[in-house]
Amino acid sequence: MRDALGAVQSALVLGGGSEIATATVELLASERCKTVVLAGRDPAKLGPVADKLRAAGATTVEIVAFDAADTASHEQIVDDVWAAHPDLDVVISAFGVLGDQAAFDDDPKAAADAAIVNYAGGVSSSLAVAKHLKAQGHGTLVVITSVAAMRARADNFVYGSTKAGLDAFAQGLGDRLEGSGASVLVVRPGFVRTQMTAHLGKGPMETTPEAVAVDVVAAIKKGSHTVWSPAKLAPIFTAFRFLPRPIWRKVAAAASK
Ligand SMILES: NC(=O)c1ccc[n+]([C@@H]2O[C@H](COP(=O)([O-])OP(=O)(O)OC[C@H]3O[C@@H](n4cnc5c(N)ncnc54)[C@H](OP(=O)(O)O)[C@@H]3O)[C@@H](O)[C@H]2O)c1
């Protein structure tokens, strides 16, 4: 339960090693979030993240194993987290893989595996979380989608399509929870410099995990249903949806250079 001043006191991160999620929970920890559960596929890698959160002010940081691709395990993992921490204010769904479109072109199974992580894993884990948020009558599920969800680009359409599916799912789940006290915040970052994008050249209107964290925490406090980061991307990517296909192909190709 948030404290008397509305500050988040507890959080679960699915994809606990995400740099965007880490920056967000660090900011929450510096503002009185005392309990954090980090869920990731390689728990050993999450130790340094836990140390950062303790340094930022968290007093209880736990690590649990979570593989987004293992959708059958999600309900039990989430139930176990709630059994240990019966009241969580915020859950951040941050896991995801970018992949490489050229590799996906030649390896349909690898493309489907990415879709399972990014989309199916989001569906099963979010529904498992939503049950608990609804039962407790409060809490925000933060789902990180992407501006790439707005329109598929030829050079990363597998990733873009998984994020489009996740974005639509998260909007629908938020509508489904309306009136329950629980809510969903859809986060649409642009190009963020993290380990996911470290191999790529400079992105258009590139931003940082810390800047995204500021936008996400502000949106949680406001109770928003959607946040773009940076905000200036909202009109641009909304307009992209309406471009005729031949023009969109040229714009997307230019953006990919
Ligand atoms: N960076 C950007 O430009 C950008 C832009 C828009 C949206 N996003 C989205 O923002 C989210 C966070 O990304 P980020 O930039 O913070 O990148 P990141 O640091 O690479 O975080 C992605 C996380 O997903 C985890 N993950 C991947 N596959 C998993 C699986 N099967 N099970 C559990 N966890 C898994 C990774 O864990 P491992 O360390 O074990 O691989 C990693 O901790 C992602 O959903 C991403 O698609 C990123």
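The values are calculated or read from the model by the stated rules, or taken from the named source; none is laboratory data. Keep in mind the model is a prediction, meaning the values are calculated, not measured. Here the Cβ is made from the backbone with ideal geometry for all residues, glycine too, and neighbour counts use every protein chain on show.
Rundown of residues vs (1) within 25 Å of ALA135 (Cβ to Cβ); (2) modelled with pLDDT of 95 or more; (3) loosely packed, with under 14 Cβ neighbours inside 10 Å; (4) not charged (D, E, K, R), yes/no style:
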position: GLY47; (1), (2), (3), (4): no, yes, yes, yes
position: ALA50; (1), (2), (3), (4): no, yes, no, yes
position: ASP79; (1), (2), (3), (4): yes, yes, yes, no
position: ALA83; (1), (2), (3), (4): yes, yes, yes, yes
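Considering segment 172-210, the residues that are free of Cβ contacts under 8 Å to residues at least 40 places away in the same chain and part of a helix (DSSP H, G or I) include one that is nearest to THR238 (Cα to Cα), namely GLY172. Just one of the listed residues (PHE95, PHE104, PHE169) is crowded, with 17+ Cβ neighbours inside 10 Å and not in a helix (DSSP H, G or I), and it is PHE95. ALA7 meets the stated requirement of being more than 10 Å from the ligand (Cβ to nearest atom), at pLDDT below 95, of a type in the set (A, V, I, L, M) and over 20 Å from THR197 (Cβ atoms). The single condition among (1) in contact with a helix residue (DSSP H, G or I) (Cβ under 6 Å, 6 or more places away or on another chain); (2) exposed (fewer than 15 other Cβ atoms within 10 Å of the Cβ) that GLY139 does not satisfy is (2). For segment 132-163, filtered to residues that are part of a helix (DSSP H, G or I) and under 12 Å from VAL186 (Cβ atoms), the residue that is farthest from the ligand (Cβ to nearest atom) is ALA149. Of everything in segment 179-194 that is over 15 Å from VAL227 (Cα atoms), surrounded by fewer than 23 Cβ atoms within 10 Å (Cβ to Cβ) and not charged (D, E, K, R), the residue that is nearest to the ligand (Cβ to nearest atom) is THR194. Restricted to segment 21-37, and to residues that are β-branched (Val, Ile, Thr) and under 21 Å from ALA65 (Cβ atoms), which residue is nearest to the ligand (Cβ to nearest atom)? That would be THR22. THR226 meets the conditions (1) under 19 Å from ALA255 (Cβ atoms); (2) touching a residue at least 24 places away in the same chain (Cβ under 8 Å) in every case but one. The failed one is (1).
Checking the conditions here, which among ARG249, ARG176, ARG241 is touching a Lys or Arg at 6+ places or on another chain (Cβ under 8 Å) and away from the ligand (no atom under 16 Å from the Cβ)? Result: ARG241 is the single residue among ARG249, ARG176, ARG241 that is touching a Lys or Arg at 6+ places or on another chain (Cβ under 8 Å) and away from the ligand (no atom under 16 Å from the Cβ).
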